[in-house]
Amino acid sequence: VSFREKMAWVSLTLLLLIYGYYAWTLYGMAQAGRTATLDYVWLLALLALLVLLLIVLQVVFSVVIAVVTAMFMPADLKAREDEREKLMALKATRYGYVVLVSGALAICLWIIYGGQEFYTANSLFLVVVLSEMTRSAVQIVYFRKGA
Amino acid sequence: MSGEEISNAIRRLRFEHGEMTQADLAAKIGVTRQTINAIEQGKYSPSLEAAFRIAAVFGVPLEQVFQYKKK
């Protein structure tokens, strides 16, 4: 498993955990019927905190993986991104883009037909996260498959 | 054009060059070991530039490394 594949796994796992927690929190609010009286400042603060946590954890994991790779597979760490990895990243970005555009258009229609702001705003955010998760997942598939 | 149409002799050439490892070949042509593995297994067709670099490492013409079979 190459250094960049490990990083793709880390990215996908962290996205799942961090935004999974955010989605779970929102689900709890919706169940409690607090969507109409929600304090958006509090919600944005929670989101900002989670994004910060995501960045910190990504840095921590990349340092740990880099140290372990340097100890056991130093050549893997030194290897620059090559043509196959660039191609995989491009293909993965294309899939992520399809998710992003499709989701954004669907939410536009939802807004036009009277979607509530709590659901539409968070769904738009979910689409951004899903597109990023798709990118990481497709990259991992290509790493496993070949190209 | 699918990858199945192109075969290669990299495994044999590595063997004939003192059991050169995939990592050694990768370092010589500036790609990752995983990319050499994918090329050897026919899962990835390299760029023309990388293909020429592989042939140059073994000191043979390109057609001795890669073979194109018309379907």
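The values are calculated or read from the model by the stated rules, or taken from the named source; none is laboratory data. Every value quoted in this text rests on a predicted model; they were computed, and no experiment measured them. Methodologically, a virtual Cβ is constructed for each residue, glycine included, from the backbone with ideal geometry; neighbour enumeration extends over all protein chains shown. Please note that ligands, DNA and RNA were not included when accessible areas were found on the heavy atoms of the full protein model with its side chains. Shrake-Rupley method; radii C 1.70, N 1.55, O 1.52, S 1.80 Å.
Points to keep in mind about this one:
- Any hit, segment A:72-88, residues being farther than 21 Å from B:I29 by Cβ and exposed (fewer than 15 other Cβ atoms within 10 Å of the Cβ): yes
- Only one entry in B:E19, B:E40, B:E63 is among the charged types (D, E, K, R) and within 21 Å of A:D82 (Cβ to Cβ), namely B:E40.
- Residue within segment A:24-40 that is open to solvent by less than 30 Å² (accessible area, probe 1.4 Å), within 30 Å of A:F143 (Cα to Cα) and part of a helix (DSSP H, G or I) present: no
- When B:K28, B:K43, B:K70 are checked against the criterion of being in contact (Cβ under 8 Å) with a residue 60 or more places away in the chain and among the basic types (K, R), B:K70 stands alone in meeting it.
- Where helices (runs of 4 or more DSSP H) fall entirely within segment B:1-69, those with at least 2 residues that are open to solvent by less than 30 Å² (accessible area, probe 1.4 Å) and at the interface with chain A (Cβ under 10 Å from one of its Cβ atoms) are at B:22-29, B:33-40.
Condition check ((1) touching a residue at least 12 places away in the same chain (Cβ under 8 Å); (2) open to solvent by 30 Å² or more (accessible area, probe 1.4 Å); (3) within 30 Å of A:Q139 (Cβ to Cβ); (4) small (G, A, S)) across all residues:
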{"site": "A:E5", "(1), (2), (3), (4)": "yes, no, yes, no"}
{"site": "A:V10", "(1), (2), (3), (4)": "yes, no, yes, no"}
{"site": "A:L17", "(1), (2), (3), (4)": "no, yes, yes, no"}
{"site": "A:G20", "(1), (2), (3), (4)": "no, yes, yes, yes"}
{"site": "A:A45", "(1), (2), (3), (4)": "no, yes, no, yes"}
{"site": "A:L49", "(1), (2), (3), (4)": "no, yes, yes, no"}
